[in-house]
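Input: a single structure, listed below in structure tokens.
The values are calculated or read from the model by the stated rules, or taken from the named source; none is laboratory data. Fair warning: this is a prediction, and the values are worked out from it, not measured in the lab. Don't worry about glycine lacking a Cβ; one is built from the backbone with ideal geometry, like all the others, and counts go over all protein chains shown. These area figures cover heavy atoms from the full protein model, side chains too; ligands, DNA and RNA do not enter into them. Shrake-Rupley method; radii C 1.70, N 1.55, O 1.52, S 1.80 Å.
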Amino acid sequence: MTTADPARSPARRTRRADARRNYELLLLAAREVFAEQGSGAPLEVVARRAGVGNATMYRHFAARHELVIAVYADEVAALCARAGALATELPPEDALFGWLRGVIDHLATKRDVAIVLTDERHGPRSPLFDRWYHAMLGTTSALLARAAQAVQPGLRAEDLLLLAAGIALTGTDSARHDRLLAAMRHGITIQAD
């Protein structure tokens, strides 16, 4: 007599399919709610719109920033792809600061992500956050390496991401972002005599 493999049982497959469906419903609902109310919208509204309970939502997304990152994953991919275009179109220093401007724009409407990025008290980060962070960090590192002759020695990609997040946390005022980024650029670039 053989015993059935519980991992292959119909109930087990159904749960996995249900979990995938709930994940997709949550992403769709979050996109809609964030488009209407911003990424600071109450998560209960997202769960209700998805037709799931809060517990289901938190099983998939343990924290708000995780949901925000998942919703905007395509935006991060496009932002990183744009960095490649900047690197071929612009001088290294301009490409680096063009990229940082894009990072600031990305983070300015995702305050929770910017806060987690700048606050190490959040403890270990999830694989979803790590993928987002390493994509941003890798892109920043590559652009910084290309611009190494134009910036102060010892500057790290992590430092630039933290500075960009700090600028983004000042709000969504584009003119302020431009002023602060210009001040940052002046401070970290090597000035010709």
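Largest first and in whole Å, what are the equivalent-ellipsoid semi-axes of the chain based on the Cα gyration tensor, each being the root of 5 times an eigenvalue?
39, 19, 14
Rounded to the nearest 20 debye, what is the charge dipole size of the chain about its Cα centre when +1 sits on each Lys and Arg Cβ and -1 on each Asp and Glu Cβ?
The calculation lands at about 940 debye.
Extending each Cα 7 Å along its Cβ direction at Glu44 and Arg176, get the distance between those two points in nm, one decimal.
Roughly 3.0 nm, to one decimal.
So what is the relative contact order for segment 41-132, in percent, with contacts set as C-alpha pairs under 8 Å and at least six apart?
32
Given a 1.4 Å probe and the protein chains all in place, what does the accessible area of Glu75 round to, in Å² to the nearest 10?
70
Where is the GNM fluctuation largest for the chain (alpha-carbon springs, 10 angstrom cutoff): Ser39, Ser141, Ser174?
Of Ser39, Ser141, Ser174, the Gaussian network model singles out Ser174 as fluctuating most.
Please list, in order along segment 173-188, the HN-Hα scalar couplings obtained from phi with the Karplus expression 6.51 cos²θ - 1.76 cosθ + 1.60 (θ = phi - 60°), rounded to whole Hz, x for Gly and Pro.
6, 4, 5, 5, 4, 4, 5, 5, 5, 5, 5, 4, 4, 4, x, 9
Using Cα springs under 10 Å in a Gaussian network model of the chain, which residue among His106, His134, His65 shows the largest mean-square fluctuation?
With Cα springs under 10 Å in the chain, the top fluctuation among His106, His134, His65 is at His134.
How far, in degrees from 0 to 90, does helix 73-89 lean away from the longest principal axis of the Cα atoms of the chain, to the nearest 10?
Here the helix axis deviates by roughly 30 degrees.
To the nearest 10 square angstrom, how much accessible area does Ile115 have with a 1.4 angstrom probe?
60
Within the accessible area of the chain, what % is carbon and sulfur when the probe is 1.4 Å and the other protein chains stay in place?
In the chain, the share of accessible area belonging to carbon and sulfur is 56 percent.
Between segment 10-83 and segment 120-186, what is the separation of their alpha carbon centroids in Å?
25
Taking the simple approach of a point 7 Å from Cα along Cα-to-Cβ for both Glu89 and Gln191, what is their distance in nm?
For Glu89 paired with Gln191, the spin-label model returns 3.0 nm.
If the elastic network links every pair of Cα atoms under 10 Å, which of Thr172, Thr139, Thr88 fluctuates the most in the Gaussian network model of the chain?
Thr88
Apply 1/(1 + (r/R0)^6) to the Cβ-Cβ distance of Asp159 and Ala19, taking R0 = 45 Å, and write down the FRET efficiency to the nearest 0.05.
0.70
In the chain, if the dipole is taken from +1 on Lys/Arg beta carbons and -1 on Asp/Glu beta carbons about the Cα centre, which of Ala83, Leu25, Phe129 is farthest to the positive end?
Checked the options; the winner is Leu25.
For n ≥ 4 DSSP H runs only, could you compute -39500 (n - 2.57) per run for the chain, divide by its residues and tell me the 222 nm figure to the nearest 500?
-23500 deg cm²/dmol
Return one whole number: the accessible area per residue of the chain in Å², for a 1.4 Å probe.
Normalised by residue count, the accessible surface of the chain is 55 Å².
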